[in-house]
Structures are given as C-alpha cells and as structure tokens.
Amino acid sequence: MADTDTKKRTDTVLKPAKPPLHKVILLNDDYTPREFVVRLLKAEFRVPEAQASVIMLTAHTKGACVVAVFTKEIAEEKATRATDFARQHGFPLLFSTEPEE
C-alpha cells in the first residue's frame, strides 16, 4: 500500500535576519574645542580628517550630526567610549544613539 500523504519537501534555507542598525549622533555643545572633536572622531570612529571636520561643523551648525551607523551594541559602545573620553578631558561633549529607520 502506497502512502499518498507523503510529499517530497524541499529544504528551505533560512537566512538570519540582519541586526537592526543604530545611528551614533554627535550633539553640539558650545564648550568643546573643534580641534578636540575632530581628533576624537578620527580616533574613535576612524574617519579621515576632512570627514571629521564636516561632521563637527554639521553638528555645530545644526545641533546634531550622524557620525556613523552600526549594530546596536557597537553603536552604544562607541557612543559611550567617545562621551567618556571627552569627560576624561574635561569636556561636556555628548554622543547618543537611536535606531536607524
């Protein structure tokens, strides 16, 4: 007797979902020297000096600027390290994160 309910199944390969991305945002303040901000951006976010200057000036004129986009954990770690570095040098510079839409 043949089993008519048995059908050949094709294997489905599931791709893992990409992790949600988060933006690291530089918030402007009127106390941190521009040169310090550029140096920090180059060191922590590995951006060239010209790009670091554009990010710094954008934050200065608009109040905030997206620095980079990472997975949530990396974005939060980089924002915290950059903010802590500024604090260690006596500056109120602040980095935050938010989900990328």
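Quick note: the coordinates plus some simple rules give every number you see, no bench work behind them. Since we're looking at a predicted model, the values are computed, not measured. Every residue, glycine among them, receives a Cβ derived from its backbone with ideal geometry; neighbour counts consider all protein chains shown.
Points to keep in mind about this one:
- For the peptides 67-78, 43-54, residues were scored by their other Cβ atoms within 10 Å and the scores averaged per peptide; the highest-first order is 67-78, 43-54.
- Estimated inter-spin distance, PHE36 and GLU100, nm [label 7 Å along Cα→Cβ]: 3.0
- For the chain: span of alpha carbons on each principal axis (Å, largest first): 85, 24, 21
- Annotation: extensible slack from LYS18 through ASP84 equals 20.8 nm (criterion: 0.36 nm per residue apart, minus Cα-Cα distance).
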